[in-house]
1. Within the range 121-131, work out how many residues are in a loop (DSSP other than H, G, I, E, B) and either open to solvent by less than 40 Å² (accessible area, probe 1.4 Å) or touching a Leu at 6+ places or on another chain (Cβ under 6 Å) (or both).
2. Conditions: (1) buried (at least 17 other Cβ atoms within 10 Å of the Cβ); (2) closer than 24 Å to ASN193 by Cβ; (3) free of Cβ contacts under 8 Å to residues at least 24 places away in the same chain; (4) not acidic (Asp, Glu). GLY48 meets all but one. Number of the miss?
3. Of these, LEU159, LEU166, LEU198, which one is among the hydrophobic types (A, V, I, L, M, F, W, C), more than 23 Å from LEU27 (Cβ to Cβ) and open to solvent by 20 Å² or more (accessible area, probe 1.4 Å)?
4. If ASP9 passes every condition in (1) surrounded by fewer than 19 Cβ atoms within 10 Å (Cβ to Cβ); (2) at pLDDT 90 or above; (3) outside any loop (DSSP other than H, G, I, E, B) but one, which one does it miss?
5. Which of the residues that make up the range 119-145 are closer than 24 Å to GLU160 by Cβ, polar (S, T, N, Q) and either at pLDDT 95 or above or in contact with a Pro (Cβ under 6 Å, 6 or more places away or on another chain) (or both)?
6. For ASN97, only one of the following conditions fails: (1) under 17 Å from SER170 (Cβ atoms); (2) surrounded by 21 or more Cβ atoms within 10 Å (Cβ to Cβ). What is its number?
7. Given (1) surrounded by fewer than 17 Cβ atoms within 10 Å (Cβ to Cβ); (2) modelled with pLDDT of 90 or more; (3) more than 19 Å from SER50 (Cβ to Cβ), identify the lone condition not met by MET171.
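The values are calculated or read from the model by the stated rules, or taken from the named source; none is laboratory data. This one's a predicted model, so the numbers in the text were calculated from it and none came from an experiment. For neighbour counting, all protein chains shown are included, and Cβ atoms are generated from backbone atoms with ideal geometry for every residue, glycine included. Surface areas here come from the heavy atoms of the whole protein model, side chains and all, with no ligands, DNA or RNA. Shrake-Rupley method; radii C 1.70, N 1.55, O 1.52, S 1.80 Å.
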Amino acid sequence: GFMTPFPVDEYKNVIDECISAGFRLNLRHRLHCSILKAGKGPQCNAKGHSVLNEVVIDRGGSPFLTQLECYCDENFATMVEGDGLIISSTTGSTAYNLAAGGPIVQPEVPAMIFTPVCPHSLSFRPLVFPSTVTLKITVPDTARANCNIYYDGSDKQILERGDSVLISMSMFPVPHVAYNTPITDWFHGVRQNLHWNLRKPQLKLSG
């Protein structure tokens, strides 16, 4: 996998090697999310959620399009109308974000990825935001239904009309043991797991 860049059946040898020879450590960026309930501000006693891969807001079982107002540092960015929205870390760029057509981003890049899920628009493309911004996603009062929000695929909550979620880069990244170097491990992962750019090489011209 991407987080364990070695065959699982070799884990004992890898652990022994790490103990005897040491290991490289890199930091994986995480996202921090907090809910603002309509008219109430941040939830009382809520510490928020730290997310390694992605935050997903979708329509759940509703037959209606999701409507989401999106702001970047309080500046209106766009209205999402579709099945939902993914806000991904760069570590999560090879997870749900990839399946939804979002870009693959090397995990050491400090960024957040903004990817719509089945948008009802021909021109809605994913965006990459710098790690310094705060995104606010609001369910407008005009939305036809509430939305669901998921953190790394679990911990579902309901976003009602007027509710918002604030998403920023977490101050607490996740330490990650690199088998070789972070770049070597990552390229090995995209080639082996995703068969990235796998094709027959062009043959040399004869004569």
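1. 3
2. The single condition GLY48 does not satisfy is (2).
3. Numbers: LEU159 fails: open to solvent by 20 Å² or more (accessible area, probe 1.4 Å); LEU166 fails: more than 23 Å from LEU27 (Cβ to Cβ).
Being among the hydrophobic types (A, V, I, L, M, F, W, C), more than 23 Å from LEU27 (Cβ to Cβ) and open to solvent by 20 Å² or more (accessible area, probe 1.4 Å) holds for just one of LEU159, LEU166, LEU198, which is LEU198.
4. Of everything listed in (1) surrounded by fewer than 19 Cβ atoms within 10 Å (Cβ to Cβ); (2) at pLDDT 90 or above; (3) outside any loop (DSSP other than H, G, I, E, B), ASP9 misses just condition (2).
5. So the first thing to find is which residues in the range 119-145 are closer than 24 Å to GLU160 by Cβ, and the list is 119-120, 134-145.
Checking the rest, the ones that are also polar (S, T, N, Q) come to 134, 138, 142.
Listed by number, the residues that qualify are THR134, THR138.
6. (1)
7. Among (1) surrounded by fewer than 17 Cβ atoms within 10 Å (Cβ to Cβ); (2) modelled with pLDDT of 90 or more; (3) more than 19 Å from SER50 (Cβ to Cβ), MET171 violates only (3).
Every residue, every condition in (1) at pLDDT 95 or above; (2) assigned to a loop (DSSP other than H, G, I, E, B), yes or no:
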| residue | (1), (2) |
| --- | --- |
| GLU108 | no, yes |
| VAL165 | yes, no |
| ASN180 | no, yes |
| PHE187 | no, no |
| ARG199 | no, yes |
| LYS204 | no, yes |
